[in-house]
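Heads up, the thing below is written out as structure tokens.
The values are calculated or read from the model by the stated rules, or taken from the named source; none is laboratory data. Computed from a predicted structure; not experimentally measured. Virtual Cβ from ideal backbone geometry, glycine too; neighbours counted across all protein chains shown.
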Amino acid sequence: MLRRLGKWLRMMGFDVEYPEKGISDSEIIESCKKESRILLTRDQELYARFPRSILIRSEDFKDQVLQFIEQFPPDEQKYFTRCTECNGILGKSGKPGPVAGVPDSVKSSGKDIWVCSKCGKVYWHGSHYYRILQQIRKFEEEIK
């Protein structure tokens with residue numbers, strides 16, 4: 001129910017995990033305890049059962065992001081350091097030559113390429129990167 005929020009938090013460098021489908025509330029709570037995580041939820045009952053939880057009030061992802069970063073301001077040094085798909089850490093590709101999944105135009109541009117240490121997804125600073133960064137900065141301005 002909060003996947004979009006999770007992706008945006010990952011883009012801001014937060015360590016965000018999603019529960020597997022079909023996992024019970026009790027299993028979610030146990031996992032959060034074991035990994036010392038804060039639980040983000042829109043479920044009032046789940047929120048009431050776990051003291052280290054935050055009840056996300058809005059259905060709108062922008063409001064959700066604002067609610068979270070009011071409590072946990074992001075660190076710009078951590079932006080774009082996590083994979084939006086699997087939460088793995090991104091590292092700069094040290095490979096010379098072609099990197100799988102990267103368009104030829106990016107390869108020939110000399111742009112830096114980052115690769116997820118967990119799933120291998122590749123990232124680079126294209127126009128999408130600048131739009132996302134601009135939106136993150138708007139979020140930060142709104143909470144100041």
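List of remarks:
- Residues located in segment 41-59, provided they are part of a helix (DSSP H, G or I) and either in contact (Cβ under 8 Å) with a residue 40 or more places away in the chain or surrounded by 12 or more Cβ atoms within 10 Å (Cβ to Cβ) (or both): Leu46, Tyr47, Arg49
- Some residue of segment 116-136 being out of contact with any Lys or Arg (no Cβ under 6 Å at 6 or more places or on another chain), over 23 Å from Leu9 (Cα atoms) and free of Cβ contacts under 8 Å to residues at least 24 places away in the same chain: no
- Among residues of segment 31-66, those that are closer than 15 Å to Ile136 by Cα and either of a type in the set (D, E, K, R) or touching a Leu at 6+ places or on another chain (Cβ under 9 Å) (or both), counted: 5
- The residues of segment 118-129 that are out of contact with any Asp or Glu (no Cβ under 6 Å at 6 or more places or on another chain) and surrounded by 13 or more Cβ atoms within 10 Å (Cβ to Cβ), listed by number, are Lys118, Gly120, Val122, Tyr123, Trp124, His125, Gly126, Tyr129.
- Some residue of segment 69-92 being modelled with pLDDT under 95, more than 23 Å from Trp8 (Cβ to Cβ) and outside any loop (DSSP other than H, G, I, E, B): no
- Residue within segment 104-120 that is at pLDDT 95 or above and part of a helix (DSSP H, G or I) present: no
- Hits in segment 1-40 - residues which are within 27 Å of Gln77 (Cα to Cα) and outside any loop (DSSP other than H, G, I, E, B): Arg3, Arg4, Leu5, Gly6, Lys7, Trp8, Leu9, Arg10, Met11, Cys32, Leu39, Leu40
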